[in-house]
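Everything on this sheet refers to the single structure shown next.
The values are calculated or read from the model by the stated rules, or taken from the named source; none is laboratory data. Remember, predicted model here, so these are calculated numbers, not experimental data. Note that we place each Cβ from the backbone using ideal geometry, even for glycine, and neighbour counts take in every protein chain shown. Heads up: the accessible areas ignore ligands, DNA and RNA and are worked out on the full protein's heavy atoms, side chains in. Shrake-Rupley method; radii C 1.70, N 1.55, O 1.52, S 1.80 Å.
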Amino acid sequence: MSAADAARIPQLLTALRLPTIKRLWPDIAEQCDKEGWPAARLLATLVELEVADRSQRRIARHMEQAKLPAGKHLDSFDFSAVPMISRAHLQALASGDRWLVSGQNLLMFGPPGSGKTHLAAALGRELVEQGYRVLFTRTTDLVQRLQAARQELTLPSALEKLDKFDLLILDDLSYVEKDQAETSVLFELISTRYERRSMLVTANQPFGQWDKIFPDPSMTVAAIDRLVHHSVIFEMNVESYRRRGALAKTTSKAKEVIEQTAD
Ligand code: ADP
Ligand code: MG
């Protein structure tokens, strides 16, 4: 190969969008020349490196687009605080299982501090690492965005854009405010995804108090129906994790004081 040929390689690799080969080929080609590799081995090595890097770049991009809250990982989640949820069940969900393919939903109910956001975000993170596409959003933010889209007559395309996500995490559904409920964008979102694309919904309030989230009672019933039809429900009726932590600290502090005074 002439030096002129080699000089064109970087430009050609850029045109083909092969950044990893562009970065690594000079060293690998040199090793190949030195060790007398068959040509097929050189080609396979370079192509495999590009493919591996490309999948990592895709996952990194999806992780950024998922907008997951930072620092909420599955391995920092204390399952003993929510005895009604088994680690094995969660791990099955985190592997993608079949639930995302069939558009099933996951609903998490529990009082503030019970770990809904942490668990939802941790699950989302695992799924992105498995190659799924996830979007985490506070429900009120998404509703606001969809309402704006409706005003601009672009609601259908806004809903279609959300279709690329295998899982939409709607955090704190019960925080949707009265004036937001007056448009039915949330209902349209739920209907659009029904039986096709999965949603993970967290809420402090169980269904009985969802009347204020939708414009009228029949729509509330219809929305709940669609969410629940193919779903897994986690009822996380536990004491706030933070308060438990604080309580444990105070108790041990109190014990310390008692022990010291007893001496
Ligand atoms: P919720 O969304 O139900 O109000 P969060 O997920 O925000 O609750 O939890 C409150 C805080 O407690 C967060 O900092 C979260 O990381 C932590 N937390 C809650 N449950 C657990 C748990 N089981 N293991 C570890 N941390 C937890
Ligand atoms: Mg929360």
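Things to note:
- Test for Ser174: is it without any contact (Cβ under 8 Å) to a residue 40 or more places away in the chain, within 16 Å of ligand 1 (Cβ to nearest atom) and either in the same structural domain as Val238 (by TED's automatic domain parsing) or not hydrophobic (A, V, I, L, M, F, W, C) (or both): yes
- Only one of Gln31, Gln11 that is assigned to a helix (DSSP H, G or I), open to solvent by 100 Å² or more (accessible area, probe 1.4 Å) and either over 30 Å from Gly115 (Cβ atoms) or outside the structural domain of Pro111 (by TED's automatic domain parsing) (or both): Gln11
- If you go through the range 108-139 and keep only what is open to solvent by 30 Å² or more (accessible area, probe 1.4 Å) and within 16 Å of ligand 1 (Cβ to nearest atom), you end up with Pro111, Pro112, Thr117, His118, Arg125, Glu126, Arg138.
- Given (1) over 17 Å from Tyr194 (Cβ atoms); (2) more than 16 Å from ligand 2 (Cβ to nearest atom); (3) within 16 Å of the chain's Cα centre (by Cα), number of the condition Glu152 does not satisfy: (3)
- Exclusive hit being of a type in the set (S, T, N, Q), out of contact with any helix residue (DSSP H, G or I) (no Cβ under 6 Å at 6 or more places or on another chain) and in a loop (DSSP other than H, G, I, E, B), set Ser114, Ser157, Ser80, Ser174: Ser114
- Within the range 83-107, the set of residues being under 28 Å from Gln56 (Cβ atoms), among the β-branched types (Val, Ile, Thr) and within 16 Å of ligand 1 (Cβ to nearest atom) is empty.
- Residue that is surrounded by the fewest Cβ atoms within 10 Å (Cβ to Cβ), among those in the range 64-107 that are of a type in the set (S, T, N, Q) and either within 23 Å of Arg193 (Cα to Cα) or within 16 Å of ligand 2 (Cβ to nearest atom) (or both): Ser76
- Among residues of the range 220-251, those that are open to solvent by 40 Å² or more (accessible area, probe 1.4 Å) and under 29 Å from Ala158 (Cβ atoms), counted: 7
- Residue in the range 120-138 that is nearest to Leu162 (Cα to Cα), counting only those that are assigned to a helix (DSSP H, G or I), within 16 Å of ligand 2 (Cβ to nearest atom) and free of Cβ contacts under 8 Å to residues at least 60 places away in the same chain: Ala121
- Among the residues listed as Asp179, Asp141, the single one being acidic (Asp, Glu), within 16 Å of ligand 2 (Cβ to nearest atom) and in a helix (DSSP H, G or I): Asp141
- Selected residue (only one of Arg226, Arg150, Arg196 is outside any helix (DSSP H, G or I), touching a residue at least 24 places away in the same chain (Cβ under 8 Å) and either within 16 Å of ligand 1 (Cβ to nearest atom) or not small (Gly, Ala, Ser) (or both)): Arg196
Condition check ((1) among the polar types (S, T, N, Q); (2) modelled with pLDDT under 95) across all residues:
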residue: Leu46; (1), (2): no, no
residue: Leu49; (1), (2): no, no
residue: Ile59; (1), (2): no, no
residue: Glu64; (1), (2): no, no
residue: Ala70; (1), (2): no, no
residue: Pro83; (1), (2): no, yes
residue: Ser102; (1), (2): yes, yes
residue: Gly115; (1), (2): no, no
residue: Leu123; (1), (2): no, no
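- Scanning the range 150-202 for residues that are in contact with a Pro (Cβ under 7 Å, 6 or more places away or on another chain) and open to solvent by 60 Å² or more (accessible area, probe 1.4 Å) turns up just one, Glu182.
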